[in-house]
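The values are calculated or read from the model by the stated rules, or taken from the named source; none is laboratory data. Keep in mind it's a predicted model, so treat the numbers as computed, not measured. Cβ placement follows ideal geometry from the backbone for every residue including glycine, while neighbour counts extend to all protein chains displayed.
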Amino acid sequence: MKYNPDIIKSNRKTIQLELRADGKLVVRAPKRMSYRDIEAYVNSNEQWIDRALSKHRSLYGDPLPPYTEKELEEFTALAKAVIPQRVAYYANLLGVNYGKITIRHPKTRWGSCSAKATLSFNCLLTQMPLEILDSVVVHELCHIKQMNHSKKFYDEILRVMPDYFEREKRLKSIGKKYLGRLP
């Protein structure tokens, strides 16, 4: 096969093509579909795939290699030094108390807040500009007050970070290239 896609078979009725953030082609297919039929489907959609790959390259450049374990360890160590300071600063501004802080490298999230106010952050935030890291910190801290994405939640964010939506937009535009390099 020309594209060497990742093939994921599951209990589904239809076949689907997906171009991941890292530029890798994924085929999602029904469990019973033969590899020959999958290959035929991919070949019949060659024009779509070429256009999607071309658009991806123009937006993100050529795919970068996955982060190494050593790089992820370094990012995690840096995050453990930087993020708790940022959390403490903004928690004071927001008037909230938080629990434990964990640093991981999930493939789809930048941060989370549990019902017990445990905060979790992606170590890749250390590779972002500080204003973006801060926007994720504020977002998660505001979940301590509002465990939803209501108007009250965003009002709380905007109280301490009036340009939050610009920062969030920037994270969405550059974040995929970072998450796409996770192994």
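Summary table below
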item: Every residue from segment 99-155 that is touching an Asp or Glu at 6+ places or on another chain (Cβ under 9 Å) and among the acidic types (Asp, Glu); result: Glu131
item: Residue under evaluation Leu125, criteria (1) farther than 27 Å from Ala77 by Cβ; (2) assigned to a helix (DSSP H, G or I), criterion not met; result: (1)
item: Check on Ala91, among the aliphatic types (A, V, I, L, M) and in a helix (DSSP H, G or I); result: yes
item: Strands (runs of 3 or more DSSP E) completely within segment 1-48 that count 1 or more residues being in contact with an Asp or Glu (Cβ under 6 Å, 6 or more places away or on another chain); result: 25-30
item: Qualifying position, being within 27 Å of His149 (Cβ to Cβ), part of a loop (DSSP other than H, G, I, E, B) and of a type in the set (Gly, Ala, Ser), among Ala79, Ala115; result: Ala115
item: Residue within segment 53-61 that is outside any helix (DSSP H, G or I), surrounded by fewer than 16 Cβ atoms within 10 Å (Cβ to Cβ) and touching a Lys or Arg at 6+ places or on another chain (Cβ under 7 Å) present; result: no
item: Lys151 of a type in the set (Lys, Arg), under 28 Å from Ala21 (Cα atoms) and loosely packed, with under 12 Cβ neighbours inside 10 Å; result: no
item: Number of positions in segment 90-117 that are surrounded by 15 or more Cβ atoms within 10 Å (Cβ to Cβ) and either hydrophobic (A, V, I, L, M, F, W, C) or more than 19 Å from the chain's Cα centre (by Cα) (or both); result: 10
item: Pairs where the first residue, in segment 27-42, is in the same structural domain as Ser10 (by TED's automatic domain parsing) and the second is small (Gly, Ala, Ser) and surrounded by fewer than 16 Cβ atoms within 10 Å (Cβ to Cβ), C-beta under 7 Å, 6+ apart; result: Arg28/Ser10; Lys31/Ser10
